[in-house]
1. Give segment A:249-260 a look and list any residue that's farther than 21 Å from residue A:217 by Cβ and surrounded by 17 or more Cβ atoms within 10 Å (Cβ to Cβ), or say none.
2. Being away from chain B (no Cβ under 14 Å), surrounded by fewer than 17 Cβ atoms within 10 Å (Cβ to Cβ) and free of Cβ contacts under 8 Å to residues at least 60 places away in the same chain, is that true of even one residue in segment A:297-309?
3. Being at the interface with chain B (Cβ under 8 Å from one of its Cβ atoms) and either at positive phi or surrounded by fewer than 17 Cβ atoms within 10 Å (Cβ to Cβ) (or both) is true for just one of A:116, A:149, A:112. Which residue is that?
4. Quick one: how many residues across segment A:41-53 are buried (at least 20 other Cβ atoms within 10 Å of the Cβ) and in a loop (DSSP other than H, G, I, E, B)?
5. Given the criterion surrounded by fewer than 23 Cβ atoms within 10 Å (Cβ to Cβ) and more than 10 Å from chain B (Cβ to nearest Cβ), identify the matching residue among A:81, A:91.
6. Mind telling me which of the residues A:337, A:267 ends up being farther than 21 Å from residue A:158 by Cα, surrounded by 19 or more Cβ atoms within 10 Å (Cβ to Cβ) and over 25 Å from the mean Cα position of the chain (by Cα)?
7. Can you tell me how many residues in segment A:489-507 are closer than 17 Å to residue A:410 by Cβ and not in a strand (DSSP E or B)?
C-alpha cells in the first residue's frame with residue numbers, strides 16, 4: 001500500500017515521526033519544508049508553555065504540520081480523491097499553520113480582538129469584575145454560525161496572506177498543482193466554503209471541521225508528547241468509515257454508522273485533553289500571564305507590532321519586512337520579555353507587566369490559591385451558573401485586591417440536535433422577518449421563502465462542520481452524531497466543562 | 001439596550017443611537033462590524049456567511065440582545081484602527097438624493113455585499129462587471145448600476 005501511494009504521488013522522501021511512523025513526501029513538499037517561512041515553525045511550540053508542566057511537550061508546529069499533511073492524505077485516499085486533488089490537499093495540510101504566532105495561540109489573542117486593558121491601580125479588581133460578569137451572564141449557547149472563514153488577524157488568514165504574497169511558495173504550488181490551486185489552498189486554510197463547490201468543498205472540510213486532519217493529528221501528538229493517554233482512539237476505524245456524500249452541489253465528509261463509536265471516543269478524548277492538559281491549572285495561569293504581557297505590548301507597539309504593521313509591512317512589504325517576520329517566533333517572545341527587565345525600557349512599563357515578565361523569565365508562575373478551584377461539568381446553564389455563584393471564589397471576587405480569578409469553559413461538541421438548532425434559528429430569523437415586514441420592506445411570501453433558503457444554507461453548513469453519519473450512502477439521511485441514538489453525543493451534547501480558579505497576583 | 005458594547009460601535013459608526021428593536025439598525029450594525037473586522041479593526045470576532053441579506057452572523061444577532069455593559073470608544077483603539085474606523089464612517093455617511101436612490105440601509109448592504117463577494121465568493125481576479133452582475137443577481141433590490149459602481153469604488157478605496 002505504501003509503495004503504491006509513494007508511486008502515485010511521487011513520494012520520494014520520508015521522515016520518521018514518533019506519532020505516525022514514516023511519513024512520505026514529494027519533491028514539492030520537500031521544497032516547502034525547505035522554505036524559511038516553513039522552517040520558522042520549528043521555533044514555535046505547539047503547546048506554548050505546556051512543556052513547563054508536561055516536560056515532554058516540546059513538539060513544534062513544524063512536525064504537527066507534516067502530521068496534518070499525512071492524516072489529510074490518509075482521509076483523501078480512503079474517500080477516493082484523485083491524485084491532483086490529493087496533491088492540493090497535502091500542500092494545504094503542510095501549509096495550514098504557516099501563519100502561526102509566537103507561542104501559538106497565546107500571542108494570537110490580541111491580534112484577533114482587542115483585549116480589555118486595565119489600569120495598574122485597579123488591575124485585580126477589573127480582572128475579577130470581568131470574571132464575575134461572565135459568571136452572571138453565563139449561558140450554554142446554541143451555536144448557529146458554522147464553516148465561517150477565519151477573520152483578519154487569525155493565524156489562518158495570516159497563513160493565506162503569506163501564500164498569496166510569497167512568490168517562492170506560489171511557484172512551488174503552481175508547478176505542482178496549477179495556478180488555480182493557490183486560491184483553493186488559501187480557501188482551505190481559512191475555511192472559506194463560499195467560493196467552492198463539489199469536491200473542493202470536501203477539501204475544505206478535511207482541514208476544517210469537527211473531524212479534520214488538524215484535530216486528529218494534534219490530539220494524537222499532544223498526548224504522545226505530554227505523556228497522557230488521550231491520543232489513544234480508533235483512528236484506523238474512524239478513517240476506514242469515512243465517505244463522501246453529494247448534497248446540493250457540494251460534497252460532505254461523513255462516516256458510516258460503524259464509525260460512530262470511534263467518533264464518540266475521539267470527541268470524548270478531545271474533551272479530556274482540554275480538561276487535563278490545556279486547562280491544567282499551571283498552564284492556564286502561565287498562558288494568562290503571557291497573554292497580558294503581549295496584549296499590553298501590542299497595544300503600545302512595544303516589541304510586538306500592531307496588526308496592520310504585521311500584515312501590511314512585514315508580510316506585505318519586501319526584504320526587511322519578511323526578515324522581521326521570520327524572527328517572529330517563540331524566541332521573539334522571550335527576547336521581548338528580556339527587554340522589559342532592561343532599565344531604559346522598564347521605566348515606561350506598568351509595574352505589573354514588569355513583574356509578570358520577570359516571573360516568566362525566571363520560570364515562575366502566579367501562585368494558585370488552594371481551595372479556590374471549582375470544576376463543573378453539566379448540560380444545564382442554570383446549574384453551572386448557580387454553582388459558580390455559590391462558590392467561595394465568586395463571593396470573594398469583589399473584595400480581592402491582590403488575587404485574580406480565571407474562568408475557562410469548553411463544550412464537548414459545538415453542535416446541538418437538529419430540533420434544537422431549528423428552534424433557535426427560526427426564533428431569531430422570524431423576528432428579523434417580522435420586523436422587515438412591519439417596516440414594509442418585503443412582503444410575507446418573499447420573507448417566508450427567504451427564511452427557508454437561509455435555513456437550508458445554515459443546515460448545510462452545520463452538516464459540513466459536524467461529524468455526519470450517512471446511512472446507505474443516502475444524502476437525505478445525513479445527520480450529525482447528536483441526532484443519532486447510537487451515539488453518546490445524543491446524550492452528551494451541550495455537556496460543558498467550566499473551571500473557576502484563583503491565583504495570588506502579588507505576594 | 002442590553003448590549004452597550006455593540007451599541008457603542010454603532011453609535012461611533014453611524015453617529016446615532018442604536019435601537020436593537022429596529023431592523024435597519026441591526027442590519028447596518030451587521031454590515032458595519034463585518035467591514036470593521038475586515039479592515040483590521042479588532043472590535044469583535046464574529047464569523048460571517050452569505051445569507052439572503054448578505055454577510056451575516058447569527059451569533060452577532062443573538063449578542064445584540066445579550067447583556068454587556070462595557071462600551072468602546074474610538075479612542076480606545078490604535079491610531080491605525082481609528083483611521084480605518086473613520087474611513088468607514090465616512091463611507092457610511094450617505095443620504096439618498098431622490099426616491100430612486102438607496103436608503104442608508106441599502107447603501108450599507110451594497111458596500112458590504114460587494115466586499116464579501118469580492119473577497120470570498122468570486123475568483124480573486126474577478127472584474128468589476130462580474131462582481132456587480134453577481135450582486136444584482138443575488139440581490140435584485142440592489143440594481144441601481146450607478147450606485148453599485150460608486151459602492152465598488154468605495155470598497156476599493158477602503159481596502160486599498
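1. A:250, A:251, A:252, A:260, listed by residue number.
2. Step one: list which residues in segment A:297-309 are away from chain B (no Cβ under 14 Å), which gives A:303.
Now drop any that are not surrounded by fewer than 17 Cβ atoms within 10 Å (Cβ to Cβ), which leaves none.
No, because not a single residue in segment A:297-309 is away from chain B (no Cβ under 14 Å), surrounded by fewer than 17 Cβ atoms within 10 Å (Cβ to Cβ) and free of Cβ contacts under 8 Å to residues at least 60 places away in the same chain.
3. A:116
4. 5
5. A:81
6. Details: A:267 fails: over 25 Å from the mean Cα position of the chain (by Cα).
That would be A:337, the only listed residue that is farther than 21 Å from residue A:158 by Cα, surrounded by 19 or more Cβ atoms within 10 Å (Cβ to Cβ) and over 25 Å from the mean Cα position of the chain (by Cα).
7. Of the residues in that region, 5 qualify.
To keep it simple, each residue is scored yes or no on (1) surrounded by 15 or more Cβ atoms within 10 Å (Cβ to Cβ); (2) modelled with pLDDT of 95 or more; (3) touching a strand residue (DSSP E or B) at 6+ places or on another chain (Cβ under 6 Å); (4) under 13 Å from residue A:131 (Cα atoms).
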{"residue": "A:371", "(1), (2), (3), (4)": "no, yes, no, no"}
{"residue": "A:375", "(1), (2), (3), (4)": "no, yes, yes, no"}
{"residue": "A:384", "(1), (2), (3), (4)": "yes, yes, yes, no"}
{"residue": "A:424", "(1), (2), (3), (4)": "yes, no, no, no"}
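The values are calculated or read from the model by the stated rules, or taken from the named source; none is laboratory data. This structure is a prediction, so every number in the text was calculated from the model and none was measured. Quick reminder, even Gly has a Cβ in these numbers, built from the backbone with ideal geometry, and neighbours come from all protein chains shown.
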